[in-house]
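The values are calculated or read from the model by the stated rules, or taken from the named source; none is laboratory data. Predicted model, so just to flag it, every value in this text is computed and none were measured. Here the Cβ positions follow ideal geometry from the backbone for every residue, glycine too, while neighbour counts run over all protein chains shown. For accessibility, only protein heavy atoms count, side chains too; no ligands or nucleic acids. Shrake-Rupley method; radii C 1.70, N 1.55, O 1.52, S 1.80 Å.
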2 protein chains.
Amino acid sequence: MSGKLFIIGLGPGPDFWVVPEASEALAQVSDVIGYEPYVARIAPREGLTLHGSDNRVEITRAQYALELALSGKQVAVVSGGDPGVFAMAAAVLEAVEAGPQAWLNIDIQIIPGISAMQAAAARVGAPLGHDFCAISLSDNLKPWEIIERRLIAAAQGDFVIALYNPASKARPQRIFDAFTLLNAHKSPDTPLIFARAVGRADESLHITTLSSADIARIDMSTLVLIGSSETRLITRPNQRPWVLTPRSYGAAR
Amino acid sequence: MSGKLFIIGLGPGPDFWVVPEASEALAQVSDVIGYEPYVARIAPREGLTLHGSDNRVEITRAQYALELALSGKQVAVVSGGDPGVFAMAAAVLEAVEAGPQAWLNIDIQIIPGISAMQAAAARVGAPLGHDFCAISLSDNLKPWEIIERRLIAAAQGDFVIALYNPASKARPQRIFDAFTLLNAHKSPDTPLIFARAVGRADESLHITTLSSADIARIDMSTLVLIGSSETRLITRPNQRPWVLTPRSYGAAR
């Protein structure tokens, strides 16, 4: 049997957000490779080897998966969320690009998943109902200047903004820098959502505004959504408000 | 039994991209409401009424679903893709906002789905591996000026760009206007992907560059992905190249 590499998105956490294509692939592989908390979601079974690893070794992990697939194994690399969004699909293809010629012929199938911004949006209403962008605040692999440039462009374009990897133990000041920039370019009453661990037991959702946000509560499990100038709340009796970015814009309303 | 309204994303087409939460909700509702081609994906069963409608009546459709839920029924509104991304979640909440007080108390659950850009990305590699934005080119409900402003901001921020609703029979010139603008702000050799009907029988994928694109082939079933300055191709023998937007950026490479 020739080998195959699946790059699989496990979604934000619960099984009910894992697409059947992912479950079917996971049922047929012999090896699952990924960051330990994602690998821990896979039920052990006979004939399945689980390879959990640290978060900082994406390329090593990708290379190992490619080697196993080239040797004839059916292998899965797993990501949380969607593997195509700030996750392992890019890491594996970077390894392919830099690797031996034979890796170009490996049968690779990427299986999409529900990304954190989609789960957060579903919980609070329709904040992504209109044009939006997704920005990773991690400056491990890109200069902070490009993050600043993108935050400013996102504000100038009046996009709804989803911030991934917002906080960092190594660089705790960065999230404050990002909010200083956003406050300089957007209205203080812009709706802001902190969505933490959506779909998991410790899920929490917090709806506030850009100027009154307690930024210190943001951690690496928090997905931050920042409204456009059109994003608004629909208040409800005894319940969390709905957050709505309508399909219409400004004068067309 | 008190009523409930599910707003469900059916993904790009095939059942293997529908999350279990959606399938479970669809198994328990009495009424499914949506644009006819999406409703047609739901298998008929006893006790289930399918209400297919035209594409231009989102608010009427939303109001009808809310009325049914208020009357005690278990109702599903279905969208293709993710209901939160240019789809029915915003339409339903706009109806709630403008509707009677009683609609504020309706139990509404939004179930996310795989959006077209995610399916397209999975097929071609990792074009969304770094910061990106999603823009609807439909100017039914927003002025063309805001679309231009967002296209320029997206180019200035060097985001990967996903274009939804790119073509229109009513305004066939708009897509050409958009590409004129993009060509003025981005490199001519920027990778460009036309992903049509991904996951369906008539799926087609076309990888080209911004300056050599045949824009006339774009229709309403086409999802357009436009690379950042970092997006590149990995050529492969006898196969479509992989498209990669790496996790690193510029000087940090």
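Numbers at a glance
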item	result
Exercise: per-residue mean of other protein chain Cβ atoms within 10 Å, B:230-238	3
Shielding by partners - mean other protein chain Cβ count within 10 Å, residues of B:96-104	3
Carbon/sulfur fraction of accessible area - the protein assembly as shown, other protein chains in place, 1.4 Å, %	51
Nonlocal Lys pairs with alpha-carbon distance under 27 Å, chain B (8 or more apart, or different chains)	4
Shielding score for A:239-250, defined as the mean number of other chain Cβ atoms within 10 Å	5
Antiparallel bridge percentage (DSSP; both residues within the protein assembly as shown; nearest 5)	45
Karplus-derived HN-Hα couplings along the stretch A:221-234 (A = 6.51, B = -1.76, C = 1.60, θ = phi - 60°), whole Hz, x at Gly and Pro	8, 9, 9, 9, 10, 10, x, 8, 5, 9, 5, 8, 9, 10
Ascending list, in nanometres, of distances separating the A:Gly52 label from those of the other copies (7 Å, Cα toward Cβ)	4.8
Relative contact order of chain B, pairs being alpha-carbon contacts under 8 Å that are 6 or more residues apart, as %	19
Amide H within-cut-off set for B:Gln109, under 5 Å, with H built and near neighbours excluded	B:Leu5, B:Phe6, B:Ile7
Net charge dipole size for chain B [Lys, Arg +1 and Asp, Glu -1 on Cβ; Debye, nearest 20]	680
Point-to-point label distance, A:Gln109-A:Thr209, nm (Cα→Cβ direction, 7 Å offset)	5.0
Residue-by-residue Karplus 3J(HN,Hα) for the stretch A:55-70, coefficients 6.51, -1.76, 1.60, Hz, glycine and proline x	6, 8, 10, 3, 5, 4, 4, 5, 4, 4, 4, 5, 4, 4, 5, 5
Cβ-Cβ FRET estimate between B:Glu36 and A:Ser53, R0 fixed at 56 Å, reported to 0.05	0.75
Nonlocal amide H pairs with A:Thr209, under 5 Å, H built at 1.01 Å	A:Leu192
Net dipole in debye of the stretch A:19-113 [+1 Lys, Arg Cβ; -1 Asp, Glu Cβ; about Cα centre; nearest 20]	160
Residue and distance (whole Å) for the chain A Cβ nearest the axis that superposes A on B	A:Cys133, 2
Euclidean distance of C-alpha centroids, the stretch A:62-85 and the stretch A:182-214, integer Å	34
Per-copy distances of the A:Ser248 label point, shortest first, in nm (7 angstrom along Cα→Cβ)	4.9
Most to least packed among A:239-249, A:93-103 [average Cβ atoms within 10 Å]	A:239-249, A:93-103
Across the identical copies, how the A:Asp202 labels are spaced - nm, sorted shortest first, 7 Å along Cα→Cβ	4.9
Buried solvent-accessible surface, both chains (A, B), 1.4 Å probe, Å² to nearest 100	6400
FRET efficiency, 1/(1 + (r/R0)^6) with R0 41 Å, evaluated for B:Leu141 and A:Gln173 via beta carbons	0.55
Given charges at beta-carbon only (K, R positive; D, E negative), |dipole| of the stretch A:95-232 in Debye	220
Under 15 Å, Cβ to Cβ, from B:Thr222 - net charge with Lys/Arg +1 and Asp/Glu -1	+2
Label-point gap, in nm, between B:Glu97 and A:Gln101 - each point 7 angstrom along Cα→Cβ	5.9
